[in-house]
1. Tell me, which strands (runs of 3 or more DSSP E) wholly within region 39-157 include 1 or more residues that are among the aromatic types (Phe, Trp, Tyr), under 24 Å from residue 167 (Cβ atoms) and open to solvent by less than 50 Å² (accessible area, probe 1.4 Å)?
2. Would you check which residues across region 66-83 are over 17 Å from residue 36 (Cα atoms) and hydrophobic (A, V, I, L, M, F, W, C) and list them?
3. Please specify each residue of region 147-169 satisfying the condition of being under 14 Å from residue 130 (Cα atoms), hydroxyl-bearing (Ser, Thr, Tyr) and in contact (Cβ under 8 Å) with a residue 40 or more places away in the chain.
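The values are calculated or read from the model by the stated rules, or taken from the named source; none is laboratory data. What you see is a predicted model, and the numbers here were worked out from it, not measured in a lab. Here the Cβ positions follow ideal geometry from the backbone for every residue, glycine too, while neighbour counts run over all protein chains shown. The protein model used for the area step is the full one, side chains on, heavy atoms only, and it has no ligands, DNA or RNA in it. Shrake-Rupley method; radii C 1.70, N 1.55, O 1.52, S 1.80 Å.
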Amino acid sequence: MKKFTFILVLIGMITLQSCEGPQGPPGRDGFSAEAEVFEVNRSFTTQNGFTGEIVLNPPILSSDHVLIYRLAGAFQGEDDWKLVPEYYFFEDGTLDYAYNYSFTRFNIGLYMEGFDLAGLTPAVTNNQIFRVVIIPGFFSGRMDYSNYKQVMEMYGLTEADVKPISERQ
């Protein structure tokens, strides 16, 4: 009896594998999103509280990730981009100054923090160039995000894709 039941179940499974039902309702069109990169120039002064805002228009999705890089100089003819937050310390290990940011779906707040921001040289506070990389949440993965070039390659971005933030609106 057990063999008969086993054979019957096996035949039933094989025949049900090949059955087709009616086509279901059509799904929604697929959502496609790509990583974006934008460039902004900000100066940090006592008048603006050593802060700067970037409005995201349109807003990003709540699952998106934001990476900020600051142009720290050039080395052997290539731009040197540093991942923010970026900290600079005195020789005794206390914080001298830092570039940092926070973000929501609607804006990015760039700011400096530190010991004596008003005493910093204009080379450190004025005309700082930042690159904002917005990565859709489903693209995120494990990698070294401190390497700007690697991030650009990973998400298929080139220098031609870098636009002023005003072009995002």
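1. 65-75, 78-84, 95-103, 128-135
2. Hits for region 66-83 are 71, 72, 74, 75.
3. 148, the sole residue that qualifies.
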